[in-house]
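Worksheet: the structure to be examined is printed underneath.
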Amino acid sequence: MMHLIHINRHKIVKNRKHGTKEAPIAVRRGRSGSAQYGSEANVVDEKGNVIVSFKYTPEKPLSCGAVVYAEVSPHYRVAVQA
């Protein structure tokens, strides 16, 4: 069964509006599984190496203003599809 990683935009807006730090990154096993929320979620390989890291950093946004982003290990190729 697949894992789904979902970014809850409503929590990000609520945090910005009320000055809170509710974790907006949800990880579910399948579509109907219960969500585990965090400020960071890592995708790891069989050896435990981090492949992709999803991060929520409202105190240190990227230069474009993004507060949630994914960092991919340089050892993996990223393919973009239109």
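Restricting to region 12-32, name every residue that is touching a residue at least 12 places away in the same chain (Cβ under 8 Å) and either over 17 Å from K60 (Cα atoms) or acidic (D, E) (or both).
Listed by number, the residues that qualify are E22, A26, V27, R28, R29, G30, R31.
State which residue is surrounded by the most Cβ atoms within 10 Å (Cβ to Cβ) when the search covers only region 43-82 and only residues that are touching a helix residue (DSSP H, G or I) at 6+ places or on another chain (Cβ under 8 Å) and not in a strand (DSSP E or B).
Top of the filtered list is V67.
Would you confirm whether or not region 7-14 contains a residue that is surrounded by fewer than 11 Cβ atoms within 10 Å (Cβ to Cβ) and assigned to a loop (DSSP other than H, G, I, E, B)?
The answer is no, given that none of the residues of region 7-14 is surrounded by fewer than 11 Cβ atoms within 10 Å (Cβ to Cβ) and assigned to a loop (DSSP other than H, G, I, E, B).
From (1) exposed (fewer than 13 other Cβ atoms within 10 Å of the Cβ); (2) modelled with pLDDT under 95, pick out the condition that doesn't hold for R29.
Result: R29 passes all but (1).
Out of region 13-54, which residues are within 12 Å of the chain's Cα centre (by Cα) and either hydrophobic (A, V, I, L, M, F, W, C) or under 19 Å from H75 (Cα atoms) (or both)?
A23, I25, A26, V27, A41, N42, V43, V52, S53, F54
Looking only at region 33-54, count every residue that is under 18 Å from V67 (Cα atoms) and either touching a residue at least 24 places away in the same chain (Cβ under 8 Å) or not charged (D, E, K, R) (or both) and tell me the total.
Selection size over region 33-54: 8.
Which condition does G33 not pass, out of (1) out of contact with any strand residue (DSSP E or B) (no Cβ under 6 Å at 6 or more places or on another chain); (2) over 17 Å from L4 (Cα atoms), if it passes all the others?
Among (1) out of contact with any strand residue (DSSP E or B) (no Cβ under 6 Å at 6 or more places or on another chain); (2) over 17 Å from L4 (Cα atoms), G33 violates only (2).
The values are calculated or read from the model by the stated rules, or taken from the named source; none is laboratory data. None of the values given here were measured: they were computed from a predicted structure. Positions of Cβ are generated from backbone atoms using ideal geometry, with glycine treated the same way; all protein chains shown enter the neighbour counts.
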